[in-house]
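> Let me begin by handing over the structure; questions about it come next.
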């Protein structure tokens, strides 16, 4: 199994540019999560999809952030316009169930640097 | 307030020595409990989880954790640490009343292994 795939692994951009992060969940998983990791705030959930539908986006920091899941095998997290404070590692995770005890499998992350 | 606390930011142990990483939670009902490990530049990997039953949980890589309801704790242990265990360890919970898998992470403990 290929696991959760994220691209790009590293992204360096300038303030004001649009950034798109991509995620391919594990085949057969029906839940997908986007997390952000920073030194100041640690790991925090941004948005959660179940069966391609956004269930909880209360962690999305502001309107500059948007996420989509057009099908079961692909999701994007977009930042437009980007700002230096968006610099972080963004993780995608997927799960095969919806119960609280179900395991989330994490991708390797995308390290975003906004100059 | 609901929270997950990992009181140790850094821990250094000698190779071959035993290890205990602390985790305390503050939730009204016992949440689902997880330990994840993050190696440098990598995503998070699940070590073990607890949601019911035997309070001593066995995980991968020789790790175990014990749930103690009276202390609201879920400490991670390993009897003999290997150099490859050097990483960051995150305790996480899914509150049992959220209805979905909203992982809430502690701030992490960085483990250093000395020769």
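Only the coordinates and a few stated rules stand behind these numbers; no lab work does. All of these numbers come straight from a predicted model, not from anything done at the bench. A quick note on method: Cβ atoms are made from the backbone with ideal geometry, for glycine too, and the neighbour counts reach across all protein chains shown.
> Using the 10 angstrom Cβ neighbour count as an exposure proxy, how do A:86, B:54, A:102 rank, fewest first? Walk me through the numbers before you get to the answer.
Details: A:86 21, B:54 9, A:102 17.
In increasing order of surrounding Cβ atoms, one gets B:54, A:102, A:86.
> Moving on to the next point. If I model a spin label at residue B:52 and residue A:62 as a point 7 Å from the Cα along the Cα→Cβ vector, what separation in nanometres do I get?
The two pseudo-label positions are separated by 4.4 nm.
> Could you give the nm distance between label points at residue A:87 and residue A:18, where each point is 7 Å from its Cα heading toward the beta carbon?
2.4 nm
> Note down the relative contact order for chain B as a percent, whole number, built from C-alpha pairs under 8 angstrom at least six residues apart.
Value for chain B: 37 percent.
> Take residue B:77, project a point 7 Å from its Cα along the Cβ direction, then tell me which residues of the range B:22-36 have their backbone nitrogen under 13 Å from it.
Within reach of a label on residue B:77: B:22.
> A further question follows. Could you list B:64, A:18 in order of exposure, starting from the residue whose Cβ has the fewest other Cβ atoms within 10 Å?
Ranking B:64, A:18 by Cβ neighbours within 10 Å, fewest first, gives A:18, B:64.
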